[in-house]
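Participant: The structure is given below, and queries will be raised subsequently.
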Amino acid sequence: MHVTQGTFSFLPDLTDRQISDQIEYCLRQEWAVSVEFTDDVHPRNTYWEMWGIPMFDLRDAAGVMAEVRACREANPNVYVRVTAFDSTRGWETVRLSFLVQRPANEPGFRLDRLEAEGRTIRYSVHPYAADQPAGRRYKPEQANTAPGDRR
Amino acid sequence: MSVPGPAASFEAASSEVVDLRALQADTDIGSPIAELDRDLVGLAPVKQRIREIAAFLLVARARERVGLAAGPPTLHMAFTGNPGTGKTTVALRMAGILHRLGYVRKGHLVSVTRDDLVGQYIGHTAPKTKEILKRAMGGVLFIDEAYYLHRPENEKDYGQEAIEILLQVMENQREDLVVILAGYRERMASFFASNPGFRSRIAHHIDFPDYDASELLSIAELLAAQSEYRLSPAAREVMIDYITRRQQQPNFSNARSIRNALDRARLRQAMRLCAGNAVATREALQTIEAEDIRASRVFAT
């Protein structure tokens, strides 16, 4: 299942040139760009691992692209995103965030139903990948195994 | 939907002519060089080299246009010269010139010294240097007094680590930034001698000559004019005398000494005006008189 999180996620994956142009736009708006990665892609998982600190005072996308490449190299088969933070008073938030890498196989999510008091049912979304321990979720040979299908 | 046949495209390619003058006008190369000529006194070899680089970049662009091989030229530079010969000033302008020539994308200058690149403990240097390099991407990284990066007396010095990262980026990301090293002549020579990697990665070694007395006088007048002061004819004579005396003294640092002398003359002019009449004409406010310069301790000996 193709994960759609962040801007541009319904488009085909961006090429490096397109990523670089988007970063260029962020820098022109004077946003602080940072690179983050995770192997837990639950939609409510807001806080991904930071790849270094946010980059302030940059003028050109080449510096960010170097970090994006370094992050991909160190974390080859997980999700990597670029976020741009606007520090202007009143905003003080992330203004743009988009994926720049996704694993080869994305097993997707299942819907869990929890029977609560009375006839209440509580729902939750569960990424299949999260059944594996962190760090082993998107290894190529395990990426497509269904839950409960462990060796 | 008609596609020109192979014969037609060959015809077009072989007869293609690039109008260098038009290209020059397009890229606006002339004006930064004219500005350089106007605003900077002397420095003939430096200006010559900048003209060469500008012409080279223009030709590189023309070659690209007719489909000849056009690898990105290496533009890392080393500026050597005595104090006050304008190394930093030229570096600042270089960023603007290279930007207008379309060689660097942003045209900003990041000016650093050893403290900005080298860390204080193990593992501190690499992130620090990379941070600076990232900031300089798309522009010019100016490393003043670059020889401090290398401390031959201490082989565990972290400067070596910074040098290695710099060399790697200078080699692999030539299209992303231009590195300019600057420093005094002798110390730069020994720095390059102990870091041959640097020497070979820097294509342009530009030597800044000392100014002679008449150039220094033009600089004094230019500096005064820039801050809307002017030297009275008598003051100009004293200035000539001042320059010849100051040149003989130790620690003479060319244009910087002249600028300092002018700053002090402005202070004395202010004192003189305050001590004198209660009213000052516009004329008096902008004129530096002979006595303002004559009071310098250079004349005491």
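Participant: Identify the residues of the stretch B:219-256 with backbone N under 20 Å of a label point that sits 7 angstrom from the Cα of B:Ala284 along the Cα-to-Cβ direction, or state none.
Facilitator: Taking a point 7 Å out along Cα→Cβ of B:Ala284, the residues of the stretch B:219-256 whose backbone N falls under 20 Å are B:228-236.
Participant: Next question, about the same structure. Would you work out if the stretch B:104-152 is rounded, prolate or oblate? Take a ≥ b ≥ c from the square roots of the eigenvalues of the alpha-carbon gyration tensor; rounded if a/c is under 1.5, else prolate when a/b is larger than b/c, oblate otherwise. Each step should come with its number before you reach the end.
Facilitator: Values: a/c = 3.34, a/b = 1.58, b/c = 2.12.
Taking the square roots of the gyration eigenvalues as a ≥ b ≥ c, the stretch B:104-152 is oblate.
Participant: Follow-up question, since we're still on this one. Just checking the output field for B:127-134: average partner chain Cβ neighbours within 10 Å of each residue's Cβ?
Facilitator: 4
Participant: Moving to a separate point now. Semi-axes of the equivalent ellipsoid for the stretch B:105-198, please: Cα gyration tensor eigenvalues, times 5, square-rooted, ordered largest first, whole Å.
Facilitator: In descending order the semi-axes read 20, 16, 11 Å.
Participant: Could you tell me whether the stretch B:142-197 comes out rounded, prolate or oblate from its Cα gyration tensor? Rule is a ≥ b ≥ c as square roots of the eigenvalues, rounded for a/c under 1.5, then prolate if a/b exceeds b/c, otherwise oblate.
Facilitator: oblate
Participant: Of B:Ala136, B:Ala280, B:Ala225, which is the most mobile in a GNM of chain B whose springs link Cα atoms less than 10 angstrom apart?
Facilitator: Taking springs between Cα atoms under 10 Å, the residue moving most is B:Ala280.
Participant: Remind me, relative contact order of the stretch A:16-101 in percent, using alpha carbon pairs under 8 angstrom and six or more residues apart? Write out the running numbers ahead of the final one.
Facilitator: Details: 132 pairs, mean separation 27.9, N = 86.
Normalised by residue count, the contact order of the stretch A:16-101 is 32 percent.
Participant: Determine the per residue accessible area of chain B with all protein chains present and a 1.4 angstrom probe, expressed in square angstrom. The partial results should precede the final answer.
Facilitator: Numbers: 15840 Å² over 301 residues.
I get 53 Å² per residue for chain B.
Participant: Then there's this: Counting only residues 5 or more places away or on other chains, whose amide H sits under 5 Å from the amide H of B:Val179 once H atoms are built in the peptide plane?
Facilitator: B:His76, B:Met77, B:Leu141
Participant: May I ask you to work out the translational diffusion coefficient for the stretch B:236-301 at 20 °C, viscosity 1.002 mPa s, via Stokes-Einstein with Rh from the Kirkwood sum over Cα pairs, reported in whole µm²/s?
Facilitator: 169 µm²/s
Participant: Separate question: Positive end of the charge dipole of the stretch B:83-216 (Lys, Arg +1 and Asp, Glu -1 on Cβ, about the Cα centre): tell me which of B:Asn154, B:Ser214, B:Leu177 has its Cα farthest that way.
Facilitator: Toward the positive end, the furthest listed residue is B:Leu177.
Participant: Okay, moving on. Counting Lys and Arg as +1 and Asp and Glu as -1, each charge on the Cβ, what is the dipole of the protein assembly as shown about the Cα centre in debye, to the nearest 20?
Facilitator: Around 420 debye, computed over the protein assembly as shown.
Participant: Post the alpha-carbon centroid distance, the stretch B:110-160 to the stretch A:1-74, in whole angstrom.
Facilitator: Spelled out, the Cα-based centre of one part sits 27 Å from the other.
Participant: Then there is this: Say the dipole of the protein assembly as shown comes from +1 at the beta carbon of Lys and Arg and -1 at that of Asp and Glu; which of B:Leu57, B:Val90, B:Leu267 then lies farthest toward its positive end?
Facilitator: B:Leu267
Participant: Amide H to amide H, which residues 5 or more places from A:Val100 or on other chains are under 5 Å from it, using H placed in the peptide plane?
Facilitator: Hits under the 5 Å cutoff: A:Val80, A:Arg81, A:Val82.
Participant: Another one. At 1.306 mPa s and 10 °C, plugging the Kirkwood radius over alpha-carbon pairs of the stretch B:144-301 into Stokes-Einstein gives what diffusion coefficient in µm²/s? Please list the in-between numbers first.
Facilitator: Numbers: Rh = 19.1 Å.
D = 83 µm²/s.
Participant: For chain A, state the semi-axes of the equivalent ellipsoid (square roots of 5 times the eigenvalues of the alpha-carbon gyration tensor), sorted largest first and rounded to whole angstrom.
Facilitator: 32, 20, 12
Participant: Please compute how much accessible surface disappears when A pairs with B, both sides summed, using a 1.4 Å probe, and round it to the nearest 100 Å². Let's see the in-between values first.
Facilitator: Working: alone 9690 and 16290 Å², together 25060 Å².
Accessible area lost upon association: around 900 Å².
Participant: Oh, and also: In whole Hz, what ³J(HN,Hα) sequence does the stretch B:153-161 give by Karplus (6.51, -1.76, 1.60; θ = phi - 60°), x for Gly and Pro?
Facilitator: 6, 10, 6, 8, 4, 6, x, 4, 4
Participant: Per residue of B:103-110, what is the mean number of Cβ atoms on other protein chains within 10 angstrom of that residue's Cβ?
Facilitator: That average works out to 2.
Participant: Another one. Ranked highest first by the average count of other Cβ atoms within 10 Å around their residues, in what order do A:52-63, B:139-150, A:122-133 fall?
Facilitator: Ranking the peptides A:52-63, B:139-150, A:122-133 by packing returns B:139-150, A:52-63, A:122-133.
Participant: For the stretch A:16-101, treating each Cα as an identical point scatterer without solvent, what Debye log10 I(q)/I(0) comes out at q = 0.13, 0.17, 0.18 1/Å?
Facilitator: Taken in order of the listed q values, log10 I(q)/I(0) reads -0.38, -0.65, -0.72.
Participant: Using a 10 Å cut-off on Cβ atoms, rank the peptides A:67-79, A:85-97, B:192-204 from the highest mean neighbour count down.
Facilitator: A:67-79, B:192-204, A:85-97
Participant: On to the next question. Using the alpha-carbon atoms, what tilt in degrees (0 to 90, nearest 10) does helix A:61-74 show relative to the longest principal axis of chain A?
Facilitator: Between helix and principal axis, roughly 30 degrees.
Participant: Using only the alpha-carbon atoms of the protein assembly as shown as identical scatterers, what base-10 log of I(q)/I(0) does the Debye formula give at q = 0.07, 0.11, 0.13 Å⁻¹?
Facilitator: The calculated log intensity ratios at q = 0.07, 0.11, 0.13 Å⁻¹ are -0.57, -1.05, -1.23.
Participant: Moving on to the next point. With +1 assigned to the C-beta of every Lys and Arg and -1 to the C-beta of every Asp and Glu, and no other charges, what is the dipole magnitude of the stretch B:202-294 about the Cα centre in debye, to the nearest 20?
Facilitator: It comes to approximately 360 debye.
Participant: Quantify how strongly other chains surround peptide B:176-188 by giving the mean number of their Cβ atoms within 10 Å of each of its Cβ atoms.
Facilitator: 1
Participant: Through the Karplus equation 6.51 cos²θ - 1.76 cosθ + 1.60, θ set to phi - 60°, convert the phi angles of the stretch B:174-183 into ³J(HN,Hα) values in whole Hz; use x for Gly and Pro.
Facilitator: These are the phi-based 3J(HN,Hα) values: 4, 7, 8, 7, 10, 9, 10, 9, 9, x Hz.
Participant: Roughly speaking, to the nearest percent, how much of the stretch A:16-101's 1.4 Å accessible area is carbon and sulfur?
Facilitator: Looking at the stretch A:16-101 in its full context, I get 47 percent from C and S.
Participant: To the nearest 20 debye, what charge dipole does the stretch A:16-101 have about its Cα centre, counting +1 at the Cβ of each Lys and Arg and -1 at the Cβ of each Asp and Glu?
Facilitator: Computed about the Cα centre, the dipole is about 160 debye.
Participant: Let me ask another. To the nearest whole percent, what portion of all C-alpha pairs in chain B is separated by more than 34 angstrom?
Facilitator: Working: 18081 of 45150 pairs.
Roughly 40 percent, once rounded to a whole number.
The values are calculated or read from the model by the stated rules, or taken from the named source; none is laboratory data. In this text the structure is predicted, and so the values were computed from the model without any measurement. A quick note on method: Cβ atoms are made from the backbone with ideal geometry, for glycine too, and the neighbour counts reach across all protein chains shown. When the accessible area is computed, the model is the full protein with side chains, heavy atoms only, and any ligands, DNA or RNA have been set aside. Shrake-Rupley method; radii C 1.70, N 1.55, O 1.52, S 1.80 Å.
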